[in-house]
Amino acid sequence: MSNPDIETTTVNEAKYHALSRAGDFELSIDATGSDGPTPNEVLVADYASCFGFACRAGADRQLDVDLGRIETTAEADLDDSDDLSAIRLHLRVEADLGDDEIADVVDLGEEICHVHAAMKESLHADIEVTADAF
């Protein structure tokens, strides 16, 4: 048996609420959305967070650009079975970027983001970036 790189523990004692532990952190998830975010909401928020981190890392390391503040709004559509059918991310960045720089930042985000890589291609987010937003 190999040693995993990531290990979490999730306890579901009743109904559709679970407490997940990752390292020293606990996350409350509720399928109904009454006692915590739903699994889909957690996934979409994780995607938005990771994509912003990836854009920042790529811009810093490969473009020598400091994006400053990044605020990401994520939207998702659900199908009739409550499965995710589309995701949209709108990043507002502090840096004053031109169209080519925005395209480069998005390309790097798509290349570096671990959640983007894990998503099936039909759920890769549509990305919009607004520069000089603050």
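A short reminder: the numbers here are calculations on the coordinates, not readings from a lab. Note that the coordinates shown come from a computational prediction; the quantities given were computed from them, not determined experimentally. Don't worry about glycine lacking a Cβ; one is built from the backbone with ideal geometry, like all the others, and counts go over all protein chains shown.
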*asked:* Under 8 Å for C-alpha pairs, at least 6 residues apart: give me the relative contact order for the chain, rounded to a whole percent.
replied: 20
*Can you tell which of LEU89, SER20, GLY68 lies farthest toward the positive end of the dipole of the chain, using +1 and -1 charges on the Cβ of basic and acidic side chains (Lys, Arg; Asp, Glu)?*
SER20
*Cβ-placed point charges (K, R +1; D, E -1), dipole of the range 34-116 about Cα centre in debye, nearest 20*: 280
*Please report, in Å, the Rg and the Dmax of the chain, where both are computed over Cα atoms only.*
16.9, 52
*Counting helices only, and only those DSSP H runs with n ≥ 4, report the 222 nm mean residue ellipticity of the chain as the sum of -39,500 (n - 2.57) divided by its residues, in deg cm²/dmol to the nearest 500.*
-10500 deg cm²/dmol
*Per-residue ³J(HN,Hα) for the range 14-28, Karplus 6.51 cos²θ - 1.76 cosθ + 1.60, θ = phi - 60°, Hz, x for Gly and Pro*: 7, 6, 10, 10, 9, 10, 10, 10, 10, x, 8, 10, 10, 10, 8
*How many angstrom lie between the C-alpha centres of the range 68-132 and the range 1-58?*
19
